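A short write-up of the structure that comes next.
The values are calculated or read from the model by the stated rules, or taken from the named source; none is laboratory data. Everything numeric in this text was worked out from a predicted model, so none of it was measured. Ideal geometry is used to build each Cβ from the backbone, glycine not excepted, and the neighbour counts take in all protein chains shown. Keep in mind that these areas ignore ligands, DNA and RNA; they rest on the heavy atoms of the full protein, side chains included. Shrake-Rupley method; radii C 1.70, N 1.55, O 1.52, S 1.80 Å.
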Number of protein chains: 2
Amino acid sequence: MTGQSRRIVRITDPDDERVAEFRHIRERDLVRRDGRFIAEGTVVLRMLAQSDRFLAEKILLLEGRVEGVADVIEAFDPEIPVLVCNRETIDAIAGFPMHRGVLAVGKARRNEPFGEAIAGLPPHALVLVCHAISNHDNLGGLFRNAAAFGVDLVCLDAECCDPLYRKSIRVSVGSALTVPFARGGGVDDIAAQLSDAGFGLIALSPDGERPIGEVDTGPRTALLVGTEGQGLPYNLLEKLGRVRIPQAKDLDSLNVATAAGIALYCVATGQKRFT
Amino acid sequence: MTGQSRRIVRITDPDDERVAEFRHIRERDLVRRDGRFIAEGTVVLRMLAQSDRFLAEKILLLEGRVEGVADVIEAFDPEIPVLVCNRETIDAIAGFPMHRGVLAVGKARRNEPFGEAIAGLPPHALVLVCHAISNHDNLGGLFRNAAAFGVDLVCLDAECCDPLYRKSIRVSVGSALTVPFARGGGVDDIAAQLSDAGFGLIALSPDGERPIGEVDTGPRTALLVGTEGQGLPYNLLEKLGRVRIPQAKDLDSLNVATAAGIALYCVATGQKRFT
């Protein structure tokens, strides 16, 4: 690893101020990190290295992991500090056994306003709109599926949780760092803006009238999903019409990320995005 | 709740032998429970009450939960003991804060041999074959999706983990207790038995030649999925041919439960199971 030694800083004291952002990770997960987020694990670190939307501010590695992630580290700006410590120190910093031993603090390169994100979409586009997703696992799963089907933009309404929460990023397998997303206000307003931009809107609901397989998908299509339990707001469903995934009756419906995965598959197939 | 008082036993000592099966739940999760399992939460308890494959041996409730689950309790055999205790006692029994406060020990009514399970399938049938699924969340998700698309039988090979593990049942939202499953030996042998029984076999693989939307689905169809990472064995894929879900290249593939959900949707639609 040519020239890398200069960037590696050995940390021996868990109270070292240079690792302050990594301290008591779980407790700090519960508060906003001022636009910053924690990326963990080699796969996510690799996605962060490749992201043109986010950058790393610093990296913390367990000493045994340095060699294994050498190629990933090479992909980051050489100015970014790489802090290395032993098992005891990293566990004391994180506040729990940090098995992965690969952590980074990241932040967005810039904040794109919602209107700009919509305006910048290509003529053929697939958008996923999420309403009030409050479970970080589900939001991570939604991003993973959005990545698989080439979603151009994930629109989050004001009631959605943070896709940059540590667990969301992990469940998304880093896709929260690569699939573009923008946060709008109310889901009605988001739907109206997409409609004005020429998007056909598909509102998913377990009690939908039309099966998803029979819905026409134009070159610009937006799929709307709501939180498990309540789903999308009644007024919006009335206005757009409900689309369902045909399935067994009288059951707890599919997990919202799985339902979105099936619907995205149908729309992506209809748009002939992948063959 | 007429006549229920006779079945309610108040527990005040965490060391009471009558709650032995509920003691240190997490530690005991790690060992086989001799055919028994722990069901937790109201939704899962309701599924257990409705199951014709499993029965409850005893039920443990936090005192504040008794009224809320009264109708579910009524559905169980009146001989089944219902043990009730306060917050401090239930936490001491479980070994961690047992927020749900609704637990049961269940077991299978009978053990159906694998061959009988296959022989008992209807003329129109959808079977899901799972190879080496080692993650309990994924197996739970597979059962949830199997339930949604009316799967008649889940075949588990010898390398699959236990769908009756506490977390699998929870993630399945109780479907592990309602969707019939049977454990066979090797996945090759399972595939051969299904083929002999007239099933068309669809082997899912990220590098599949044929897109799932173009696969013909006969009245008897079995979908085969393998563990994330390795997938299905090479020999089996060579023999059966690979079927893929069209998606973005160069990505970590879809989660196995989500991929199965999409494929089951396609097969169920092809079979016209739900409209």
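Just a few scattered comments:
- Across region A:258-271, the qualifying residues are those that are open to solvent by 10 Å² or more (accessible area, probe 1.4 Å) and at the interface with chain B (Cβ under 9 Å from one of its Cβ atoms), and the one among them that is farthest from B:Gln50 (Cα to Cα) is A:Thr269.
- Residue in region B:225-237 that is of a type in the set (A, V, I, L, M, F, W, C), out of contact with any Gly (no Cβ under 9 Å at 6 or more places or on another chain) and in the same structural domain as B:Leu121 (by TED's automatic domain parsing) present: no
- Qualifying residue in region A:153-169 (condition: within 12 Å of chain B (Cβ to nearest Cβ), open to solvent by 10 Å² or more (accessible area, probe 1.4 Å) and either in contact with a Lys or Arg (Cβ under 8 Å, 6 or more places away or on another chain) or touching a residue at least 24 places away in the same chain (Cβ under 8 Å) (or both)): no
- Test: B:Glu238 is within 14 Å of another protein chain (Cβ to nearest Cβ) and either open to solvent by 50 Å² or more (accessible area, probe 1.4 Å) or out of contact with any helix residue (DSSP H, G or I) (no Cβ under 7 Å at 6 or more places or on another chain) (or both): no
- Within region B:245-259, the set of residues being in a helix (DSSP H, G or I) and either more than 23 Å from A:Val43 (Cα to Cα) or not hydrophobic (A, V, I, L, M, F, W, C) (or both) comprises just one member, B:Thr258.
- Test: A:Ala203 is without any contact (Cβ under 8 Å) to a residue 60 or more places away in the chain, of a type outside the set (Phe, Trp, Tyr), buried (at least 24 other Cβ atoms within 10 Å of the Cβ) and within 14 Å of another protein chain (Cβ to nearest Cβ): no
- With respect to the conditions (1) within 13 Å of chain A (Cβ to nearest Cβ); (2) buried (at least 23 other Cβ atoms within 10 Å of the Cβ); (3) closer than 16 Å to B:Val129 by Cα, B:Glu228 lacks only one, and its number is (2).
- Enumeration of residues in region B:131-145 that are assigned to a helix (DSSP H, G or I) and either outside the structural domain of B:Pro180 (by TED's automatic domain parsing) or not basic (Lys, Arg) (or both): B:His136, B:Asp137, B:Asn138, B:Leu139, B:Gly140, B:Gly141, B:Leu142, B:Phe143, B:Asn145
- Any hit, region B:142-150, residues being open to solvent by less than 40 Å² (accessible area, probe 1.4 Å) and away from chain A (no Cβ under 14 Å): no
- Unmet requirement for A:His124, which otherwise passes all of (1) touching a Pro at 6+ places or on another chain (Cβ under 6 Å); (2) farther than 29 Å from A:Ile262 by Cα; (3) surrounded by fewer than 18 Cβ atoms within 10 Å (Cβ to Cβ): (2)
- Residues of region A:241-255 satisfying the condition of being more than 9 Å from chain B (Cβ to nearest Cβ), open to solvent by 10 Å² or more (accessible area, probe 1.4 Å) and within 24 Å of A:Gly150 (Cα to Cα): A:Arg242, A:Arg244
- Residues located in region B:186-199, provided they are free of Cβ contacts under 8 Å to residues at least 60 places away in the same chain and either within 14 Å of chain A (Cβ to nearest Cβ) or out of contact with any His (no Cβ under 7 Å at 6 or more places or on another chain) (or both): B:Gly186, B:Asp188, B:Asp189, B:Ala192, B:Ser195, B:Asp196, B:Gly198
- Scope region B:203-220; condition at pLDDT 95 or above and in contact with a Leu (Cβ under 6 Å, 6 or more places away or on another chain); matching residues: B:Ala203
- Helices (runs of 4 or more DSSP H) within region B:14-120 that include 1 or more residues open to solvent by 40 Å² or more (accessible area, probe 1.4 Å) and away from every other protein chain (no Cβ under 14 Å): B:25-29, B:70-74, B:87-94, B:114-119
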